[in-house]
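Presented below is the structure to which this report refers.
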Amino acid sequence: GGSLLPATLAGTGPDVSIQNSDETCINYAIRSAVLPITNMEGLDEVKKRFSETAMIPLTLYDEVYGLPETETL
């Protein structure tokens with residue numbers, strides 16, 4: 001919960017975290033507490049599984065910081 005962001009900013013957080021909120025992803029991105037996955041190999045193929053609008057809340061300044069956990073059509 002509430003200790004993940006301080007731990008990450010202190011450099012002691014996990015390498016990967018599964019969150020249930022798009023807002024959490026961008027909250028971390030704004031603080032430079034996560035790296036973008038924009039250039040990860042295979043991302044374009046994975047993004048095809050989701051609608052373009054599903055990626056908007058996970059994108060900041062043209063950088064992608066996460067993937068949707070679920071999508072309701």
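The values are calculated or read from the model by the stated rules, or taken from the named source; none is laboratory data. Predicted, not measured: the structure shown is a model, and the values here were computed from it. Here the Cβ is made from the backbone with ideal geometry for all residues, glycine too, and neighbour counts use every protein chain on show. Accessible surface is based on the protein model in full, side chains and every heavy atom, while ligands, DNA and RNA are left aside. Shrake-Rupley method; radii C 1.70, N 1.55, O 1.52, S 1.80 Å.
First compute the accessible area of the chain with a 1.4 Å probe, then give the percent of it belonging to carbon and sulfur atoms. Of the solvent-accessible surface of the chain, carbon and sulfur hold 51 percent. In order along the stretch 50-57, phi translates into HN-Hα couplings of 10, 5, 4, 5, 5, 8, 4, x Hz, rounded to whole numbers, per the Karplus curve 6.51 cos²θ - 1.76 cosθ + 1.60 with θ = phi - 60° and x for Gly and Pro.
Each residue of the stretch 33-45 is assigned a 3J(HN,Hα), and the resulting list reads 9, 9, 9, x, 9, 3, 9, 5, 4, x, 4, 4, 5 Hz, derived from the Karplus form 6.51 cos²θ - 1.76 cosθ + 1.60 (θ = phi - 60°), x at Gly and Pro. Less than 5 angstrom separates the built amide H of I37 from those of V64, Y65, G66, all sequence-distant by 5 or more or on a different chain. Over the stretch 5-73, all Cα pairs binned in 10 Å intervals from 0 give whole-percent P(r) values of 19, 54, 24, 3, listed from short to long.
When you filter the trypsin sites (Lys or Arg not before Pro) in the stretch 1-65 for DSSP loop state and at most 14 other Cβ atoms inside 10 Å of their Cβ, you are left with R31, K48, R49.
How much accessible area per residue does the chain have, counting only protein heavy atoms and a probe of 1.4 Å, in square angstrom?
78
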